[in-house]
1. If you go through region 111-128 one residue at a time, do you hit one that is among the acidic types (Asp, Glu) and more than 16 Å from the ligand (Cβ to nearest atom)?
2. If you go through region 65-98 one residue at a time, how many are free of Cβ contacts under 8 Å to residues at least 12 places away in the same chain and assigned to a helix (DSSP H, G or I)?
3. Could you tell me which residue of region 82-98 is most open to solvent (accessible area, probe 1.4 Å), considering only residues that are closer than 12 Å to Gly245 by Cα and not small (Gly, Ala, Ser)?
4. If a residue has to be under 24 Å from the mean Cα position of the chain (by Cα) and among the aliphatic types (A, V, I, L, M) to count, how many in region 282-322 make the cut?
5. Test Val212 against the criterion of being within 12 Å of the ligand (Cβ to nearest atom) and outside any loop (DSSP other than H, G, I, E, B), and give yes or no.
6. Residue under question is Ala84, and the condition is that it be modelled with pLDDT of 95 or more, within 16 Å of the ligand (Cβ to nearest atom) and out of contact with any Ser or Thr (no Cβ under 6 Å at 6 or more places or on another chain); does it hold?
7. Take Ala58 and decide whether it is assigned to a helix (DSSP H, G or I), within 16 Å of the ligand (Cβ to nearest atom), in contact with a strand residue (DSSP E or B) (Cβ under 7 Å, 6 or more places away or on another chain) and open to solvent by less than 30 Å² (accessible area, probe 1.4 Å).
8. Would region 354-370 turn up any residue that is closer than 22 Å to Val168 by Cα and of a type in the set (Gly, Ala, Ser)?
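The values are calculated or read from the model by the stated rules, or taken from the named source; none is laboratory data. Note that the structure is predicted; figures quoted are calculated from it, not measured. Cβ coordinates were reconstructed from backbone atoms using ideal geometry, including for glycine residues, and neighbour counts include every protein chain displayed. Note: areas computed on protein heavy atoms with side chains; ligands, DNA, RNA excluded. Shrake-Rupley method; radii C 1.70, N 1.55, O 1.52, S 1.80 Å.
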Amino acid sequence: MRTEKPSDPRPAEGLRPVINVSGTMTSLGASIVVPEAVEAMAAFLPHFVEIDDLQRRASGVIARLCGSEAGYVTASASAGMTLAIAGCMTGSDLAAIERLPATDGLRNEVVVQIGHLCHYGAPVEQAIRLAGAKVVPVGTSTQSESYQLAGAITDRTAAGLYVVSHHVVGYGQIPFEEFVAECRRRGVPVIVDAASEYDLRGFVARGADIAVYSAHKFMGGPTAGIVAGRKDLVRAAFLQNRGIGRGMKVGKEGVVGAIAALRAWERRDHAAVRAREEACLSYWQERLRDLPGVAAVPEPDPTGNPLRRLRVSLDPAAARQEAWELAAALAAGDPPVIVRDHEVEHGYFYLDPCNLHPGEEVAVAERVLEECARARARNEPGRGSLAERRREGIARLLAWPD
Ligand SMILES: *Cc1c(COP(=O)(O)O)cnc(C)c1O
């Protein structure tokens, strides 16, 4: 649980003290790591441990929390997907494991719905190919059916990948149960990318052979991935540490921190967290109530996580700015406020309360009010465009480290 705000090391390193109302973003340092994980990592860092034994420990904790036969900790959920796919191709054949990404003689195809081939910071599709596997796309962007999945499965199919995310197409996709049933019928294991999902048990309980989670998202662990599932497949994924997994190594601190975060998650007062998040939403709604051209409405999480966010929609004529302009002004301001703006071209962004330190909600409201007042006073809409802003973002990336 978050207690008091820790001292801030950022200014001494020349880093902006960003306030995160965008959610759990790798680009912002993921989440507020829970004290239990911080303490466990600090305690273990000076000591040697037998890593396979530590991962055995992790397996027990993951199995208990996820209701799976086994589990292990990877560098990230993305690594977990790649390694789980690798395991589905090689099994426990150490020679095949060392030959990857060459897959001669192995089943090497992964079926995945086209609407699931999203970008979570890198393409899903690349996490598959990285193992040496071949992506077999199913359906079309906005419509996939079980018969198309059935038609895509062959003797070469190593696994089916199912992605659960606000990034995937939100309609017209094969329901999870149907995807599992079709793969099961053909003896194909199903791997679920549940990186951002709160429900640690549901996917395994409903038939996933492997479910992959991020330790550094909702549960507030260090950067790591959690692979939970069938013992033979988890073992096969774990054994990739002698192969392609070496380049995605998680250290003892990552494993220990993930275990501590899982245990803390089990004990967390989830109702109290929900209440605090809801209090932030009510507070923001109240503060933004009379802003001209601004409508603020709480919205449930699109994948069913027990979390709501405030959708802030702008009527550009009345607000005298576009939603993206407000988002950009907030990000550029002091303190920088980073909003959830992945759909900003539709004229709205979200305020996500899940990663706030106590009191930061006040600064967020103040900054929104300030920028809205400034835009109305300026009374000159339409400087630049969202497309231009995106191009600038890429240009800035390409100029790194300058
Ligand atoms: C965050 C995310 C990932 C990547 O997880 P990491 O642990 O950061 O590698 C993959 N898939 C989805 C759906 C995500 O939300």
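1. Step one: filter region 111-128 for residues among the acidic types (Asp, Glu), giving 125.
Retained after the next criterion (residues that are more than 16 Å from the ligand (Cβ to nearest atom)): none.
Checked against the condition, which is being among the acidic types (Asp, Glu) and more than 16 Å from the ligand (Cβ to nearest atom), region 111-128 yields no hits at all.
2. Residues of region 65-98 that are free of Cβ contacts under 8 Å to residues at least 12 places away in the same chain, as a first pass: 93, 95-96.
This time we only want the ones that are assigned to a helix (DSSP H, G or I), so: 95-96.
Counting residues in region 65-98 that are free of Cβ contacts under 8 Å to residues at least 12 places away in the same chain and assigned to a helix (DSSP H, G or I) gives 2.
3. Step one: of region 82-98, the residues closer than 12 Å to Gly245 by Cα are 82-87, 97-98.
Subset that is not small (Gly, Ala, Ser): 82-83, 85, 97-98.
Working: Thr82: 2, Leu83: 2, Ile85: 1, Ile97: 1, Glu98: 120 Å².
Looking at the filtered set, the residue picked out is Glu98.
4. 4
5. Details: within 12 Å of the ligand (Cβ to nearest atom): yes; outside any loop (DSSP other than H, G, I, E, B): yes.
Spelling it out, Val212 is indeed within 12 Å of the ligand (Cβ to nearest atom) and outside any loop (DSSP other than H, G, I, E, B).
6. Values: modelled with pLDDT of 95 or more: yes; within 16 Å of the ligand (Cβ to nearest atom): yes; out of contact with any Ser or Thr (no Cβ under 6 Å at 6 or more places or on another chain): yes.
The answer is yes for Ala84.
7. For Ala58, the condition - assigned to a helix (DSSP H, G or I), within 16 Å of the ligand (Cβ to nearest atom), in contact with a strand residue (DSSP E or B) (Cβ under 7 Å, 6 or more places away or on another chain) and open to solvent by less than 30 Å² (accessible area, probe 1.4 Å) - is met.
8. Just the residues of region 354-370 that are closer than 22 Å to Val168 by Cα, to begin with: 354.
When the remaining residues are screened for being of a type in the set (Gly, Ala, Ser), the result is none.
Within region 354-370, none of the residues are closer than 22 Å to Val168 by Cα and of a type in the set (Gly, Ala, Ser).
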